[in-house]
Structures are given as C-alpha cells and as structure tokens.
Amino acid sequence: MAEIDPKELKGLSETEVIEKIKTDGYNEIPSSKPKSIFRIAFDVLKEPMFILLVTCGVLYLFLGDLQEAIMLLFFVFVVMGITFYQEKKTERALEALRDLSSPRALVIRDKTSKRIAGREVVPGDFVILSEGDRVPADGILIWNSNLSVDESLLTGESAAVRKTTGDAAQSMARPGGEETPFVYSGTMVVQGQAVVVIKSTGMSTELGKIGKAINAASDESTFLQKEINNLVKVVALIGAVLCSAVFIIYGYTRHDWTNGFLAGLSLAMAMLPEEFPVVMTIFFALGAWRMSHKHVLTRKVAAIETLGSATVLCVDKTGTLTQNKMLIKQVFAGGQIYDINGGVIPERAGKVIEYGILSCRKDPFDPMEKAFKNLESALPGGKSKIHESYEFVKEYPLSKKMLALSHVWKDPATGGCVIACKGAPEAVMDLCHLSENSRIQLMSVVNELASHGLRILGVAGASFGSHELPGDQHDFKYEFLGFTGLADPVRPEVAGSIKECYEAGIRVVMITGDYPGTARSIAAEIGLKNSADVITGEELEAMDPQELKHRVTGTDIFARVVPEQKLKIVQAFKDIGEVTAMTGDGVNAAPALKTSHIGIAMGGR
C-alpha cells in the first residue's frame, strides 16, 4: 500500500460535517438523567419492605398511637436520606468518569488542521494523533510514525501495543493484539504520531457497545430483598384475610361494625412485622457507613447483605490484581539473570539499564520507557540524570521492518557519538550481527524470561566518531548488552486477600484480556488455584451455554476475553447457582460488573 502524505489530505468540508452529524449524531455516549428527589423517594417507597413501614406508620397514626407512628415514619425519611446521599455521590463520580470519553481532537478539514471538541468528530474525519492524546473515536491508521497505544481500558493488556498502517476501506476489527491498524475511542496514545480516518462514532464505537451492554443489563434485587419481599406479601395477605374475617364476624355477631373494623385492624397490626424494615435499614446503613471509612462507596445500601453470601469472586487482572504500570523485574547481562528487587541494580546489570535509559526520551510517556527512567537514580556508581550528560542528535525510529529504535547522543567529553538501542530481542540480535549459535543461546534466555510472564526488550550500544551519521541503524557496529524483563507488578496485598477468600469459602476466578502466559504467571504469583487450566476468548466463543456452564465449574483463569465474554462468564456462574461478585477497574469490565450479584468498581483514577 502506498504511503499517504498527511499534507495532501483535504478532509471533510463543514457542509459534509453538518450532514453527517444530522445522520450519525454527535460522537458521545448519552448519559442517563440524574434521579430527582421524587424519583429516589419513589424507588425507596415502592419496595414492599418500605410499603410495610409506611403502612404501619399510617395505621398507628389512624389508631391514635402518635409515638409509634412518628418513630416508624422517621425511619422512612432516614432511608430516603441515605439513598439520596449515596445516589448523588455516585453521580458525581460517574460524571467525572464520563468526561474521559469526550476529549478534544485535532482534525483535518478543508485542508486545514483544527482543534475541535471530541463530540464533533464524525465518520470520515481525518484525526491527527500524537503522544498523550486520547483517541476520540474508532478508526483506521492511514499514516503512522511509531505509534503505540495503551488499550488496557478495553482489553486488559497491561503493555501498550504497536500499531501499523492499514487500508481506509477495510472493516474495523475487535481490540487486542500487536501490529493492527485499528484504534479505539477512549484509548491513550503513549508514543508516536499517526493520522486516522474515523469509521465509527458515539454508540457505534467499542466504548459505545459496552455502554449498550450496560444499559441492557437489568438491576436485580438481592437474595435477602427477595425473601423479605415474599415474606411481607405473605404476612400482608394473611393479615388482610384475618382482618376481613374479624370485621365480618364481629359485625354480624355483635352488630357493631365500627368496633369490628378496629378489632380487625388491631389483629392485623399485631401480625405485621414492622420491626423488619427498621432493623434492616439500620444494619444496612451502618454497614454502608463503615465501608465508606474504608474508601468503599456503596451505591445500593441493600447490596451490603449480599457480600456475606458470595461464593465466587471474579477478578480483572490489569489494575485490580496488578498496579497497571510497568517495572523492570529482571535483567540479563554477562550470561547471568539478575533480579531487580526494590529498584536495586547489580553492578553488571548497570550498563544494560544505562543504555536502556539513553534509548528513551528525556520525559517519556510510554510506560516501558518510564520503567527505565525510574531506575536512573539507582544506577551503580552514582550515575544519575544521564540525558543531561549528552546532547541528543538523532532518532532512528521503530518500524514494521525493524522492531527496534536507536537514539544517537553526542558526548561533549570526547566529541564522538554514543548510540543506544532497544527493541524486540530478535531485532536487536539482528542489529548486532550475532552468530547463529549465539542467537540460539540467547533465545533460550528470552524463553526463560517470557515463561515468567515478562515482556522482553533487548538492549545494545555502539559508538561512532564521524560527524556524518549513516542512514540506517544496521550501519552501526552494535555491541549486544543484554535483555530486560518488564512486568506489570502485582499489588502487594493481593496474595493475602486471595488466601482470605479461600479461607472464607469463596472461589477466586481471574478474567483478563491479557495473554494466557501472562495470566498463568500472575496466577502462580498470587496463589490462585487451578492455574494450569486456561480458557481463551476464542475457545469461549465456540462454546454453547451448556458447555460453558460445565467448563466454568473447574476453570479459574479466562484469558484474551472481550467485554461481552466477561458478561457470559458471570452469567454462567449465576446460572449454576453461584452468588457471583465481580471486580474491575476498566471500562471493559463494566457490563459484567452490572450483571453480577455484587459489582465492585475499583481504582483511584
């Protein structure tokens, strides 16, 4: 495919944009209207438990027992107050979250680049993406310069993925994987630049499809709510029957219909369990209040009781079990693998980290480059602020043909140049012109590091005395320095929490969009049971509901799954009678969070 020059792109005209907005609508995900005070009050009062509370209060008022009536009706307002407070607090958090889907965008229109609100992007627009931008809509790259995108929001992949150029006429594919030409609304550009032709906006994007799945998932009553509601209905029916019987019998036998009606009411009042809603309200409110002190916001107070009934806990990996940031865990140098514990760098691994830092930008945005930069102050020999010791000359960018990049720095002390290279192990070994035997030996090291779920980068260095630099990286005489193994570290408290769950009789299941090898490695590290058996999204897609119900009984790891499949897994657990809790911090987990008996949205961001 011929390379497209962004300067030659004309873009849409304003007239075309207006027409597209009329037909396709604005690029936004509609939000539900905030509940009014009256709607919240109605939602509370329509519950049978609270209807009982109000009924008892009114009857006591009718019978002249003012103290009992005031006490019961007071609790109605307490419940409304708590519910109103929780709803409003949650709405503020959700509105802040919704702002993520409305970034500004740099578009080409009428041969001019202009910055517009993300909601005004339409299908057919050419959008210019740069490092730090949030992608405003789904599209295909038609021009690309070393673009990497963090798609963990949708896929759960902890590392950014490289993008390649595609054909503007092709159809969009699902998120996930390296070297694809597709970008998706809400994801973040961490490196490079690109021009994208927009294919889908608003509710037609992958983010919008998740929104549809959330709206389609209906709210369920908790198990205790269902039991209490059934009890209230039964008791109310028996009370009504007995009240009618006493009223009729008393009226016929004594010819005193007024006292007969009062006698029937008294019997019904004696039977109605008005203490139930009061006790339930107090305990749920206390539970929600105590959890709020542990930074947990309970949106539905009644959900507190379900926490004690959970039998299966489904957990997302990226950002929930892990910290959603990259750290260098191991370094291979001089024929030996070194562990980087607590940021302490062994002497022989220092040169690998030093050249790795020189191959990064001064102020990196890419999580992997940040991982190198974070170790700068820990380098052996007191080396720090390496970039300030050199003058940047040139970058040889990563490309589809060469999955490695090099930075050229001028050394003021010698007048010569220092070249630092990092990239895919195979590409770096190729640049170093290693022998076949050396490559085989080094690939065994790569496989060993990868078996621990690490993302491997090769590092090499070179020096160059001439002022006229070559046009290709291959013309430098690189020295192979070593490998670095990067990982998204597990949160320190996770292993203990998993153990507590097992002791409480709760089964823990990992559901992630990441690769099976990475999932297995994390599972082994946190002490997850049955870490050998993994079901992938591709396998799950081929299963019918009955087979899935059978397989979920013995599988604790699901990898490479998309949001709809997370929903299927949670539903399968519910169908076999499990009380299912789901945790997650990404948009990709949202439909499953809403469908589960207990949905726990996590994260400080």
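Computed values, structure above
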item: Residue in the range 579-596 that is more than 28 Å from Asp150 (Cα to Cα) and more than 14 Å from the chain's Cα centre (by Cα) present; result: yes
item: Within the range 1-28, considering residues that are at pLDDT below 75, not small (Gly, Ala, Ser) and not in a helix (DSSP H, G or I), the one least open to solvent (accessible area, probe 1.4 Å); result: Ile4
item: Test: residue in the range 45-58 that is open to solvent by 60 Å² or more (accessible area, probe 1.4 Å), touching a Lys or Arg at 6+ places or on another chain (Cβ under 8 Å), modelled with pLDDT of 70 or more and part of a helix (DSSP H, G or I); result: no
item: Positions within the range 121-130 being buried (at least 19 other Cβ atoms within 10 Å of the Cβ) and not aliphatic (A, V, I, L, M), in sequence order; result: Pro123, Asp125, Phe126
item: Residues (at negative phi and touching a Ser or Thr at 6+ places or on another chain (Cβ under 6 Å)) located in the range 419-477; result: Ile419, Ala420, Cys421, Lys422, His452, Leu457, Gln473
item: Residue pairs meeting the criteria (Cβ under 6 Å; at least 6 apart or on separate chains; first under 18 Å from Gly118 (Cα atoms), in the range 174-186; second charged (D, E, K, R)); result: Tyr184/Asp138; Tyr184/Glu206; Ser185/Asp138
item: Residue satisfying condition, being under 24 Å from Ser13 (Cα atoms) and modelled with pLDDT under 90, within set Thr112, Thr165; result: Thr112
item: Inter-residue pairs, beta-carbon under 9 Å, first among the basic types (Lys, Arg) and in the range 358-374, second buried (at least 18 other Cβ atoms within 10 Å of the Cβ) and in a loop (DSSP other than H, G, I, E, B), 6+ apart; result: Lys370/Met326; Lys370/Cys360; Lys370/Pro364; Lys373/Cys360; Lys373/Pro364
item: Within the range 302-336, tally of residues that are open to solvent by 50 Å² or more (accessible area, probe 1.4 Å), farther than 25 Å from Arg290 by Cβ and either among the aromatic types (Phe, Trp, Tyr) or in contact (Cβ under 8 Å) with a residue 24 or more places away in the chain (or both); result: 5
item: Matching residues, the range 157-196, being of a type in the set (A, V, I, L, M, F, W, C), open to solvent by less than 20 Å² (accessible area, probe 1.4 Å) and assigned to a loop (DSSP other than H, G, I, E, B); result: Ala159, Ala160
item: Out of Asp339, Asp430, Asp366, sole residue that is within 26 Å of Pro492 (Cβ to Cβ) and either open to solvent by 30 Å² or more (accessible area, probe 1.4 Å) or small (Gly, Ala, Ser) (or both); result: Asp339
item: Residue list for the range 391-408, restricted to those being in contact with a helix residue (DSSP H, G or I) (Cβ under 7 Å, 6 or more places away or on another chain), closer than 15 Å to Val459 by Cβ and open to solvent by 20 Å² or more (accessible area, probe 1.4 Å); result: Leu403
item: Spans of helices (runs of 4 or more DSSP H) in the range 257-364 with at least 1 residues within 30 Å of Gly505 (Cβ to Cβ) and at pLDDT below 75; result: 275-292
item: Elements of type strands (runs of 3 or more DSSP E) in the range 463-571, at least 2 residues being in contact with a Phe, Trp or Tyr (Cβ under 8 Å, 6 or more places away or on another chain), in contact (Cβ under 8 Å) with a residue 40 or more places away in the chain and open to solvent by 50 Å² or more (accessible area, probe 1.4 Å); result: none
item: Within the range 141-153, tally of residues that are open to solvent by less than 10 Å² (accessible area, probe 1.4 Å), within 24 Å of Ile29 (Cα to Cα) and among the aliphatic types (A, V, I, L, M); result: 2
item: Cβ pairs under 9 Å, 6+ apart, first in the range 422-440 and part of a helix (DSSP H, G or I), second of a type in the set (Val, Ile, Thr) and at pLDDT 90 or above; result: Pro425/Val445; Pro425/Val446; Pro425/Ile456; Glu426/Val446; Val428/Val459
item: Positions within the range 398-414 being without any contact (Cβ under 8 Å) to a residue 12 or more places away in the chain and either farther than 22 Å from Gln191 by Cβ or hydrophobic (A, V, I, L, M, F, W, C) (or both), in sequence order; result: Ala413, Thr414
item: Flag if Val445 is under 23 Å from the mean Cα position of the chain (by Cα) and touching a residue at least 40 places away in the same chain (Cβ under 8 Å); result: no
item: Hits in the range 131-140 - residues which are buried (at least 22 other Cβ atoms within 10 Å of the Cβ) and either more than 24 Å from the chain's Cα centre (by Cα) or charged (D, E, K, R) (or both); result: Asp138
item: Tally of residues being more than 14 Å from the chain's Cα centre (by Cα) and either among the aliphatic types (A, V, I, L, M) or modelled with pLDDT of 85 or more (or both) across the range 197-213; result: 10
item: Residue match in the range 129-140 (condition: of a type in the set (S, T, N, Q) and within 13 Å of Val195 (Cβ to Cβ)); result: yes
item: Filter result (under 34 Å from the mean Cα position of the chain (by Cα) and among the β-branched types (Val, Ile, Thr)) within the range 344-387; result: Val344, Ile345, Val352, Ile353, Ile357
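Yes/no matrix, rows are residues, columns are (1) under 34 Å from the mean Cα position of the chain (by Cα); (2) farther than 25 Å from Gly465 by Cβ; (3) open to solvent by 70 Å² or more (accessible area, probe 1.4 Å):
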position	(1), (2), (3)
Ser389	no, no, no
Leu434	no, no, no
Ile440	no, yes, yes
Gly453	yes, yes, no
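A quick yes/no check of all residues on (1) modelled with pLDDT of 85 or more; (2) in contact with a Gly (Cβ under 6 Å, 6 or more places away or on another chain):
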| residue | (1), (2) |
| --- | --- |
| Val534 | yes, no |
| Gly537 | yes, no |
| Gln565 | yes, yes |
| Thr580 | yes, no |
| His597 | no, no |
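The values are calculated or read from the model by the stated rules, or taken from the named source; none is laboratory data. What you are looking at is a predicted structure, and each value in this text was computed from that prediction instead of being measured. So basically every Cβ, Gly included, is an ideal-geometry build from the backbone, and we count neighbours across all protein chains shown. Only protein heavy atoms, including side chains, enter the accessible area calculation; ligands, DNA and RNA are left aside. Shrake-Rupley method; radii C 1.70, N 1.55, O 1.52, S 1.80 Å.
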